[in-house]
C-alpha cells in the first residue's frame, strides 16, 4: 500500500489524514462503501467531539482471553471507548446512523466499571474502602514528611549549615541542602552533592516516614491489583462484546477522521460509480502547490498522453490514478462534485525504472515483468509512464500495440505517457483509445500545463533543450541530423493540434451563440404570452363597458325616454361589430398526451372532440376548452412516479451475544437457536456464544447438526473452560 502511495506522491497527503485518527491503523475502511458514505453524510450534520486518543488493544484482548490480569492503564483504554459510546448514545440521530448506534448495547456491568475511574484514570473515591483508607494514609504521611523537613529547616542549631531554606527533590526524594560539618548537628544520609560542593541530605527522622510511605504505596498497589483482577475477570465474561465495540470504535474513528479531513480545504467525497464513465473535473493533485485544475474524460479503455517534455504528462497520469485510489478508499480530495470515478479492484502504477544492480535486470525486462502480471488481472486500472522505455521505439510500438489490444479485452484500463509517435499513430484508429496532447506556448516558448483531447502532441525536444541552456549551434546541427521529413511531420502534428484547438474554440463560440439565441426566443415567447393576456383583458374591459352602457339604456327605456329602443339597438349593433381576437401561435398536430397551456393554466391534453379539448391541469382538475385556445407548452409532461416498494427488516429486540439452551427439548432449542442466529446476523455480530450443556449429549448433537447445515455459520468451536467448555459453542458468522 505504501508503495503505490509513494509512486503517486500521496505519502504526505495520507500522513496528514492519518494524524486525525485516534489511534494508528490502516486507512482502509472495510465493508460496503455506499453504507459508509451514507453514515458519514448523516454524521456530518452533527457537532460531535473527536474520539479520544487510544492505544491498540489487540494485545490486551488476547491477554483477557488467556485469563490474564490487565494493568490499570489498559483497563482505562477500554473505559474510554465505553464512555465515548455512552456519550454518542445521548444524541438523537436519524436514519441509518441511529440504527447503527442502537445495535451497540453496552452491558450494565461494563457501564458500572466505566464509572470507577476519573478523567486521569485514577480510581474514584468510594469504589474500594481499603484503597480510600490507604490513599488517605499516604496523604497524611506526605504532610508529616513536609512538616518534619520544615521543622528541621527552621531549627536555630542547623541554620548556620543551611545553604537555603528550600525543600529539594533529588532522585525522587525530599531533602535539604547543607554545608560540610552538618553531621555534628544533624543525623542524616547524603543523597547527592551539588556542583558547588554542598550536600543534599535526608534527615534520619524523615527516613522513617519515607519508609512508612513506601510500605503504604506497596499496600496500595496490592489493593489496586485486586481491583484489576476483578475487572479483568468481568472483561473475560464480556470478551466478545469488547472485541465488537473495539472494532466499532475504529469504524466510527474512520468516519470522524474523514469528516474532519474533508472540512480542511473544502474537499469532496467522490463515490466510485458503476456507470462506466470516468471523468475528472477540476482535480488538484495534493502534492502540487497551487496546481492548475485538471479536467479530463478517461472513459475509454486506453488514454494515451503525448506532447511536450516537462509539460505535465506524468502528473496527469498520477492525477488520474490518485483520484481512483482516493475514491476507492473513500478519502476526500479537491475536485468538482461532477467528477465521476469508476469502480476498480486493482490499481497499478508502472512509473519507475526497474533496473538496478541488486535485481540484475534490464529496464525493458523489468517492464515486461510488470506487464506480464497484468494478464492475470481483471477490472484493473494501470498507469505506465514512458511505455517504450529501455528498448527500440519502433519494435516497442509494434509489441505494445498488440499487448494493449489484448489487455483491453481483459477489462483493463490503461493510462500511457509516451514521446514516440509511432505507437500513438498505430493506436489512433482504435475506437477504445483516447489521444491527449500536452500543449506548448510557441510565443513564450514554454509548456502551458494544459491538455487537448483527440490529437497527438509534439515533443518539442529541441525547444526544451534550448530553454535549459543547450547552445543554439548544437540544436541547429541536431535538427539537420534529425532530417527535414521528420521535421515536417512535427509541423503537421503541430498544425493538426492548432486546427483542433481552433475547432474547439469555434464550437464553444457556436454553443454560446446558440444559448443566446435560445434565450432571446424564450424572451420573445414570454413577451407574446404577456401581450396575449393584455389583449384578452382589454377585450373583457370593453365587454364590461358595453354591458354598463346597455344597462343604462334599459333604465332610460323604463323611464320612457323617447327613441330609447332605437338607441339601444344601435349600441348593440356596434358592440357586436367589435371583434378583438387574441393573437395566437398556430399550433400544429396537437395530440393526446402533449403538454399545453390555456391562458395562465398549464396541463396535459387528455382528449380531443372536434373543436373542443379536455385538459387536466397541474392541480388535477379536468377542464373543457376550445382546441384553438390551446398553446403548446415547452415542458415535457410530468410522469407520475411509480409507488416505491420498500422492504423493511425488523431490528431484533435483543442485542445480546449469548444464548442459553439448558433444559430445552431439541426441537424447541433448535427453533430458539435459529431465531437467535437471525437476530445476531441482523445486529451485525461476528461471534456469538451458545450454552447447550453436556448431559446425555442429545441437545449437543442437535445443535452441532443444525450449525453444520446453517448457510451463514462460518465455523464453531467448543468454548474456553471459563465460558462453558464442552457445554458451549463459540460460533463465527
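The values are calculated or read from the model by the stated rules, or taken from the named source; none is laboratory data. The shown structure was predicted, so the numbers you read here are calculated from the model rather than taken from an experiment. Methodologically, a virtual Cβ is constructed for each residue, glycine included, from the backbone with ideal geometry; neighbour enumeration extends over all protein chains shown.
Every test in (1) over 43 Å from the mean Cα position of the chain (by Cα); (2) in contact (Cβ under 8 Å) with a residue 24 or more places away in the chain is passed by residue 78 save one, and that test is (1).
Taking the criterion of being under 12 Å from residue 210 (Cα atoms) and touching a residue at least 12 places away in the same chain (Cβ under 8 Å), the residues of region 133-148 that qualify are 138, 141, 142, 144, 145, 146, 148. Every test in (1) surrounded by 17 or more Cβ atoms within 10 Å (Cβ to Cβ); (2) at pLDDT below 90 is passed by residue 94 save one, and that test is (1). For region 568-613, which positions are modelled with pLDDT of 60 or more and in a loop (DSSP other than H, G, I, E, B)? Hits for region 568-613 are 589, 590, 591, 592, 593, 594, 599, 600, 610, 611. Answer yes or no: is there a residue in region 147-157 that is assigned to a loop (DSSP other than H, G, I, E, B) and either surrounded by 15 or more Cβ atoms within 10 Å (Cβ to Cβ) or assigned by TED's automatic domain parsing to the domain that holds residue 69 (or both). No, there is no match, as no residue in region 147-157 is assigned to a loop (DSSP other than H, G, I, E, B) and either surrounded by 15 or more Cβ atoms within 10 Å (Cβ to Cβ) or assigned by TED's automatic domain parsing to the domain that holds residue 69 (or both). Which of the numbered conditions does residue 616 fail, given that it passes all the others? Conditions: (1) in the same structural domain as residue 632 (by TED's automatic domain parsing); (2) loosely packed, with under 13 Cβ neighbours inside 10 Å; (3) closer than 26 Å to residue 528 by Cα; (4) modelled with pLDDT of 70 or more. All conditions are met except number (2).
Restricting region 324-341 to residues that are within 15 Å of residue 273 (Cβ to Cβ) and part of a loop (DSSP other than H, G, I, E, B) leaves a set whose member that is nearest to the chain's Cα centre (by Cα) is 330. On inspection, residue 288 does not qualify as in contact with a strand residue (DSSP E or B) (Cβ under 6 Å, 6 or more places away or on another chain) and not assigned by TED's automatic domain parsing to the domain that holds residue 80. Of note, residue 63 does not satisfy the criterion of being part of a helix (DSSP H, G or I), within 18 Å of the chain's Cα centre (by Cα) and buried (at least 16 other Cβ atoms within 10 Å of the Cβ).
Of all the listed residues (24, 99), the sole one being without any contact (Cβ under 8 Å) to a residue 40 or more places away in the chain and either over 19 Å from residue 116 (Cβ atoms) or in a helix (DSSP H, G or I) (or both) is 24. The residues on offer are 359, 334, and the sole one that is in the same structural domain as residue 403 (by TED's automatic domain parsing), modelled with pLDDT under 90, more than 19 Å from residue 378 (Cα to Cα) and surrounded by fewer than 21 Cβ atoms within 10 Å (Cβ to Cβ) is 359. Taken together, the criteria exclude residue 699 from residues that are closer than 24 Å to residue 244 by Cα, touching a helix residue (DSSP H, G or I) at 6+ places or on another chain (Cβ under 7 Å) and outside the structural domain of residue 242 (by TED's automatic domain parsing).
Taken across region 72-82, residues that are surrounded by 15 or more Cβ atoms within 10 Å (Cβ to Cβ), in the same structural domain as residue 256 (by TED's automatic domain parsing) and closer than 19 Å to residue 217 by Cβ do occur, with at least one present.
Quick check on region 302-323. Is at least one of its residues modelled with pLDDT under 90, surrounded by fewer than 20 Cβ atoms within 10 Å (Cβ to Cβ) and outside any helix (DSSP H, G or I)? Yes, because at least one residue in region 302-323 is modelled with pLDDT under 90, surrounded by fewer than 20 Cβ atoms within 10 Å (Cβ to Cβ) and outside any helix (DSSP H, G or I).
All told, residue 684 meets the bar of being at positive phi and touching a residue at least 60 places away in the same chain (Cβ under 8 Å).
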